1. Return a yes/no flag: does the range 74-84 have any residue that is in contact with a Pro (Cβ under 7 Å, 6 or more places away or on another chain) and at pLDDT 95 or above.
2. Mind checking which residues of the range 52-64 are buried (at least 24 other Cβ atoms within 10 Å of the Cβ) and either out of contact with any Gly (no Cβ under 9 Å at 6 or more places or on another chain) or β-branched (Val, Ile, Thr) (or both)?
3. In the range 17-31, which residue that is more than 14 Å from the chain's Cα centre (by Cα) and outside any strand (DSSP E or B) is nearest to MET79 (Cα to Cα)?
4. Restricting to the range 1-16, name every residue that is open to solvent by less than 50 Å² (accessible area, probe 1.4 Å), outside any helix (DSSP H, G or I) and not acidic (Asp, Glu).
5. Pairs needed: first member in the range 87-102, buried (at least 18 other Cβ atoms within 10 Å of the Cβ); second member anywhere, assigned to a strand (DSSP E or B) and hydroxyl-bearing (Ser, Thr, Tyr); C-beta distance under 8 Å; at least 6 residues apart or different chains.
6. Would you check which residues across the range 32-51 are in a strand (DSSP E or B), open to solvent by less than 40 Å² (accessible area, probe 1.4 Å) and either of a type in the set (D, E, K, R) or over 17 Å from MET79 (Cα atoms) (or both) and list them?
7. Can you list residue pairs whose Cβ atoms sit under 6 Å apart, with the first residue in the range 123-138 being in a loop (DSSP other than H, G, I, E, B) and the second being open to solvent by less than 90 Å² (accessible area, probe 1.4 Å) and not basic (Lys, Arg)? Count only pairs 6 or more apart in sequence or on different chains.
Amino acid sequence: MDQALAEARAAAARGEVPVGAVIVSPSGEVIASAGNRTRELNDPTAHAEVLALRAACAALGSERLPEHDLYVTLEPCPMCAAAISFARIRRLYYGASDPKSGGVAQGARIYAHPQCHHVPEVYDGLAAPEAESLLKDFFAARREA
C-alpha cells in the first residue's frame, strides 16, 4: 500500500485526484502501478486502477490477472470495480471508503450483483487514515484556490 500511496501523492502533484493503485503478482512482485491521469490524458477512464490493470495485462500478455492482488488508496468506483472483476483479480485491498462514488461497499455494490461473474476477496481500510488525509487535503486546497 505504500507504493499506492506514493502513486496517489504523485497524482496530486500533477493536479489529479490523489488515487494510486498497485498490482502484485502471486510471488509478491509489483507488476504495475499507476496514479490517476484523467486530466492529463483527457480520458475519463484513466483512473489509477484501470491504468494499472492495462499495464499489468500488457506486461503479462493476458487480459486476465488471476492470482494477482490490487492495492488501491480509495474504494473503486463502479467502473473500476467492474474492470477489476473482468480482470479476475484475486484480492482487492483498498484504503479510504468512498461514500459518494464508491462501487464496492457503497453505492452500486458491483460485487453483490448476480450478473457479476467474478468477485475478488475484498479487504478495506488498509492505510485508510493516510489515504483519507491525501484526499481531504487535495480537495481543501482546490476549494481555497
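1. yes
2. Those that are buried (at least 24 other Cβ atoms within 10 Å of the Cβ) and either out of contact with any Gly (no Cβ under 9 Å at 6 or more places or on another chain) or β-branched (Val, Ile, Thr) (or both): LEU53, ALA56.
3. SER25
4. If the condition is that a residue be open to solvent by less than 50 Å² (accessible area, probe 1.4 Å), outside any helix (DSSP H, G or I) and not acidic (Asp, Glu), then MET1, GLY15 are the ones that fit.
5. Filtered contacts from the range 87-102: LEU92/TYR123; TYR93/TYR71; TYR93/TYR123; TYR94/TYR71; TYR94/THR73; TYR94/TYR123; GLY95/THR73; ALA96/THR73.
6. If the condition is that a residue be in a strand (DSSP E or B), open to solvent by less than 40 Å² (accessible area, probe 1.4 Å) and either of a type in the set (D, E, K, R) or over 17 Å from MET79 (Cα atoms) (or both), then ALA32 is the only one that fits.
7. Pairs found: LEU126/MET1; LEU126/TYR93; LEU126/GLY95; ALA127/MET1; ALA127/GLY95.
Residue by residue, here is whether (1) touching a helix residue (DSSP H, G or I) at 6+ places or on another chain (Cβ under 8 Å); (2) surrounded by 15 or more Cβ atoms within 10 Å (Cβ to Cβ); (3) farther than 20 Å from ILE31 by Cβ holds:
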site	(1), (2), (3)
PRO66	no, no, no
TYR71	yes, yes, no
GLN106	no, yes, yes
TYR111	yes, yes, yes
PRO114	no, no, yes
PRO120	yes, yes, no
ALA128	no, yes, yes
LYS136	no, no, yes
ARG142	no, no, yes
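The values are calculated or read from the model by the stated rules, or taken from the named source; none is laboratory data. None of these values were measured; they are calculated from a predicted model. Every residue, glycine among them, receives a Cβ derived from its backbone with ideal geometry; neighbour counts consider all protein chains shown. These area figures cover heavy atoms from the full protein model, side chains too; ligands, DNA and RNA do not enter into them. Shrake-Rupley method; radii C 1.70, N 1.55, O 1.52, S 1.80 Å.
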